[in-house]
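S.K.: I have a structure I would like to understand better, so I am pasting it below and will then ask my questions one at a time.
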Amino acid sequence: MEIIIVESFDEAGDVAAGIVARAAETDPELTLGLATGSSPLSAYRALSARVDAGLDLSRASAFALDEYVGIPADHPASYHEVIRLEAVLPLRLDPARVRVLDGRAADLAVECEDYEQAIRDAGGVTVQLLGIGTDGHIGFNEPTSSLASRTRIKTLTTRTRLDNARFFDSPDEVPRHCLTQGIGTILDARKLVLVASGDHKADAVAAAVEGPLSAFVPASALQLHADATVIVDEAAASRLR
Ligand code: F6R
């Protein structure tokens, strides 16, 4: 695992954007793995600047990591809407090539199987962007998720629901369930790029990077990956030895 410690969130985004941009220059038809939440925002901003400067992502495909169950796709906190506003529009991705799990599908298990198949049909994910939860989750794979898990329905922990309450009008509105790529699904991506910023992420980063491989810290699964880069600002790196 490569650990890159930078001074600021913006610098973290710039480094992550550089990795994605190099992959896209090598293969304009690459498949991106998109995260939501705050962590990837500086990377999307930096990538968007590169797109404005001529980087072409219009032939890329993309898959989001996860989605809440039960809220409409146009709800401001739904990951359909977040991916549309934070990634598809600024990166000028082709919306027809971008897929987000449907958390209102009639059969959620079938939706998850179809999603796995669609990723396989796309040839797998070339570069997967990741954030990390304060409890060490990646995607919405909460602690004790199987390190071999595939895309499926999960229950959000109280901690994650509280962490994400800022995106909703009230904490009660945060859905209790989600669909998420599994840890095994994430590990299939050819390159993983995790961005973490702020001292509230410092314990999770230290446990993921320097702690034992454990289902209690889903992000520790990155230790199993041959090409994983963790980009952290100084606050998020503050508990590393
Ligand atoms: C979201 C996702 C989550 C977040 C994590 C950190 O697609 O996969 O794992 O990356 O909850 O969230 P932020 O970045 O908002 O602190």
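The values are calculated or read from the model by the stated rules, or taken from the named source; none is laboratory data. In this text the structure is predicted, and so the values were computed from the model without any measurement. Every residue, glycine among them, receives a Cβ derived from its backbone with ideal geometry; neighbour counts consider all protein chains shown.
S.K.: Inside segment 113-156, can you point out the residues that are among the small types (Gly, Ala, Ser) and in contact (Cβ under 8 Å) with a residue 40 or more places away in the chain?
M.R.: ALA118, ALA122, GLY123, GLY124, GLY131, GLY133, GLY136, GLY139, SER145, SER146
S.K.: Starting from segment 21-50, take each residue that is in a helix (DSSP H, G or I) and list its partners that are at pLDDT 95 or above and acidic (Asp, Glu), counting only C-beta distances under 6 angstrom and pairs at least six apart or across chains.
M.R.: SER42/ASP10; TYR44/GLU86; ALA46/ASP14
S.K.: Regarding TYR79, is this residue of a type in the set (Ser, Thr, Tyr), surrounded by 14 or more Cβ atoms within 10 Å (Cβ to Cβ) and within 16 Å of ALA196 (Cα to Cα)?
M.R.: Judged against the criteria, TYR79 is not a match.
S.K.: Go through segment 169-211 and count every residue that is closer than 21 Å to ILE5 by Cα and either assigned to a helix (DSSP H, G or I) or without any contact (Cβ under 8 Å) to a residue 12 or more places away in the chain (or both).
M.R.: 13
S.K.: When the residues of segment 51-87 are narrowed to those that are touching a residue at least 40 places away in the same chain (Cβ under 8 Å) and of a type in the set (Asp, Glu), which ends up farthest from the ligand (Cβ to nearest atom)?
M.R.: Result: GLU86.
Results for (1) within 13 Å of the ligand (Cβ to nearest atom); (2) not basic (Lys, Arg), shown as yes or no for each residue.
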| position | (1), (2) |
| --- | --- |
| PRO95 | no, yes |
| VAL100 | yes, yes |
| CYS112 | no, yes |
| GLY123 | no, yes |
| THR126 | no, yes |
| ILE138 | yes, yes |
| SER149 | no, yes |
| LYS154 | yes, no |
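S.K.: Okay, next question. Please work out which residue is surrounded by the most Cβ atoms within 10 Å (Cβ to Cβ), limiting yourself to segment 204-216 and to residues that are more than 13 Å from the ligand (Cβ to nearest atom) and within 19 Å of the chain's Cα centre (by Cα).
M.R.: It comes out as VAL209.
S.K.: From (1) touching a Gly at 6+ places or on another chain (Cβ under 7 Å); (2) away from the ligand (no atom under 13 Å from the Cβ), pick out the condition that doesn't hold for THR180.
M.R.: Unmet for THR180, out of (1) touching a Gly at 6+ places or on another chain (Cβ under 7 Å); (2) away from the ligand (no atom under 13 Å from the Cβ): (2).
S.K.: Still on this structure: Restrict the check to segment 27-34 and report whether at least one residue is within 16 Å of the ligand (Cβ to nearest atom), closer than 26 Å to THR160 by Cβ and surrounded by fewer than 20 Cβ atoms within 10 Å (Cβ to Cβ).
M.R.: The answer is no; no qualifying residue exists.
S.K.: Within segment 159-189, which residues are under 15 Å from SER145 (Cβ atoms) and either β-branched (Val, Ile, Thr) or crowded, with 17+ Cβ neighbours inside 10 Å (or both)?
M.R.: THR160, CYS178, LEU179, THR180, GLN181, GLY182, ILE183, GLY184, THR185, ILE186, LEU187
S.K.: Next question, about the same structure. For segment 60-112, name all the residues that are under 24 Å from ILE183 (Cβ atoms) and among the charged types (D, E, K, R).
M.R.: ASP66, GLU67, GLU86, ARG99, ASP102, ASP107, GLU111
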